[in-house]
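What follows is one structure encoded as structure tokens, with my remarks underneath.
Just so it is clear, none of the values below were taken in a lab; they were calculated from the coordinates. Note that the coordinates shown come from a computational prediction; the quantities given were computed from them, not determined experimentally.
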Amino acid sequence: MFFPIFLVFLFDNGFSQNLKGQWKGEFYDKSTSIGSYSGDKCEYVLELDLNNNKIIGTSYTYFVENGKRYYTICKVEGTFDTKRKYAEITEIERTKTNIPSNVNNCFQIHKLTYFKNDKGETLEGNWIPAPKQSGNCGYGTTTLSR
């Protein structure tokens, strides 16, 4: 009886998608789109740990303005639905930043779907501002790979 139970465990865990690790890519602010202009682009990195369906980790956001590179580092948490291959990841705490005080530095919720093909793995979807923030925080798309 050990063998069939082992196979169920192997197929359930060994061959399922795993978000653990580093994902790199970008997000675009689509709220400032004018015509074919797609808005602001930021480099985005997620370092994720997954325990059952709970996600914890760190986000790194980078952009360049007037030749200077700015960043924000945040703690993130979220959930992952393995059946739908869907992750919802929320920035919850800013741990370090050098963004000027006149720039609206909002927390985001990234709603991402996991894809795997012969070219690799991606997380793709949309982002919206986290609740209870002031000002225009925008919204847009996110694409990450590893």
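Summary table
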quantity: Alpha carbon convex hull of the stretch 88-146, volume per residue in cubic angstrom; calculated: 102
quantity: Vicinal HN-Hα couplings computed from phi for the stretch 122-129 (Karplus, 6.51 cos²θ - 1.76 cosθ + 1.60; Hz; Gly/Pro x); calculated: 9, 10, 9, x, 10, 10, 9, x
quantity: Convex hull projection area averaged over all views, the stretch 40-129, Cα basis, nm²; calculated: 6.8
